[in-house]
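K.L.:
My questions will all concern the structure given below.
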Amino acid sequence: MSEILANQDFAKLSPGLELYYMDRGVDFKDNLRYDITVMPANMLGNEFSKTKGHYHLDQWQEVYTVLEGTAIYLMQKPFDSARGGISDAYFVKTQKGESIIVPPGYGHVTINPSESEELKMSNWVSPECKVDYKPYENLHGACYYYLAGGQWQKNPNYESVPDLREEKPLKSIPENLDFLKQG
């Protein structure tokens, strides 16, 4: 995870810090996999705790729901993922019971914006969905970092990053998840 932090030296100072736990395949229903992720409240230097981030290959989508705490989902759509060309970037601040859909073609990172409250979230995804972490690793994280004080900072390793906008979460998970079954 050290390669995706705003302050990569932080990882050298805190080796072995566990950032999040994933329990995959907690349930399977209608050819979809249900996972649960728990993210303790940690600061990574001056940055809030986050997931590594990945892109879904072949236009797969995913649905996340916050079970406890607060999550910020940072979405980015590349036009040149190798050099860090991003055509769209937005975030969704999501509370307990609210959901988001990761749209086709977007990469995403989940952030726990709390220094004291654990984040617990679930997701539904096709077990056929394949992911790619490399663009996040190669560019040292997402196109923005979320820092202490609630500040967004552009990642200087990206060639082109649009202004960040905020979108609203879904108040509940969609009843029909069939759209997750095709890539």
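K.L.:
Calculate, in nm to one decimal, what Leu57 and Met22 gain on full extension: separation in residues at 0.36 nm each, minus their alpha carbon distance.
P.N.:
Answer, rounded to one decimal: 10.6 nm.
K.L.:
Ordered by residue, what ³J(HN,Hα) values in Hz, to whole numbers, does the stretch 74-79 give under the Karplus form 6.51 cos²θ - 1.76 cosθ + 1.60, where θ = phi - 60° and Gly and Pro are x?
P.N.:
9, 10, 9, 10, x, 10
K.L.:
Can you list the residues, at least 5 places off or on another chain, whose amide H is less than 5 Å from the amide H of Glu98, using H built in the peptide plane?
P.N.:
Those qualifying (amide H under 5 Å, at least 5 residues apart or on another chain) are Val66.
K.L.:
Further, regarding this structure: Give, in nm to one decimal, the length gained when the segment between Tyr90 and Asn176 is fully stretched (0.36 nm per residue of separation minus the Cα-Cα distance).
P.N.:
28.5 nm
K.L.:
With θ set to phi - 60°, apply the Karplus curve 6.51 cos²θ - 1.76 cosθ + 1.60 along the stretch 171-179 and write out the HN-Hα couplings as whole Hz, x wherever there is a Gly or Pro.
P.N.:
Using θ = phi - 60°, the values come out as 6, 7, 6, x, 5, 9, 9, 4, 5 Hz.
K.L.:
Can you tell me the Rg and the Dmax, both Å, for the Cα atoms in the stretch 90-148?
P.N.:
13.2, 37
K.L.:
Hey, if you put +1 on the Cβ of every Lys and Arg and -1 on every Asp and Glu Cβ in the chain, which of Leu170, Val125, Gly97 ends up farthest toward the positive end of that dipole?
P.N.:
Value computed over the given set: Leu170.
K.L.:
Moving to a separate point now. Name the residues whose placed amide hydrogens come within less than 5 Å of the amide hydrogen of Lys50, ignoring near sequence neighbours (fewer than 5 apart) on the same chain.
P.N.:
For Lys50, whose amide H was placed from the backbone, the distant partners under 5 Å are Asn112.
K.L.:
A follow-up question, please. Quick one: work out Rg over Rh on the C-alpha atoms of the stretch 116-183, Rh as Kirkwood radius.
P.N.:
Using Cα coordinates only, the ratio equals 1.02.
K.L.:
While we're on this one: What number, in percent, do you get for the relative contact order of the chain if the mean sequence gap of Cα pairs under 8 Å and at least 6 apart is divided by its residue count?
P.N.:
Here the relative contact order equals 29 percent.
K.L.:
Right, something else. Per residue of the stretch 137-144, in order, report the coupling 6.51 cos²θ - 1.76 cosθ + 1.60 (Karplus, θ = phi - 60°) as ³J(HN,Hα) in whole Hz, putting x for Gly and Pro.
P.N.:
Along the stretch 137-144, the couplings run 5, 5, 9, 6, x, 6, 6, 9 Hz.
K.L.:
Once you charge only the Cβ atoms, +1 for Lys and Arg and -1 for Asp and Glu, what is the size of the charge dipole of the chain about its Cα centre, to the nearest 20 debye?
P.N.:
120 debye
K.L.:
Give the dimensionless ratio obtained when the Cα radius of gyration of the chain is divided by 2.2 N^0.38 Å.
P.N.:
So the chain has a normalised radius of gyration of 0.97.
K.L.:
Check Phe79: other-chain or 5+ apart residues with amide H under 5 Å from its amide H, H built from backbone geometry?
P.N.:
Sorted by chain and number, the residues that satisfy this are Gly85, Ile86, Ser87.
K.L.:
So, one more: Rounded to the nearest 500, what is the chain's calculated 222 nm mean residue ellipticity when only DSSP H runs of at least 4 contribute -39500 (n - 2.57) each, over all residues?
P.N.:
It lands at -1000 deg cm²/dmol.
Each value in this text was obtained by applying a stated rule to the coordinates, not by laboratory testing. Fair warning: this is a prediction, and the values are worked out from it, not measured in the lab. Note that each Cβ is placed from the backbone with ideal geometry, even for glycine, and that neighbours are counted across all protein chains shown.
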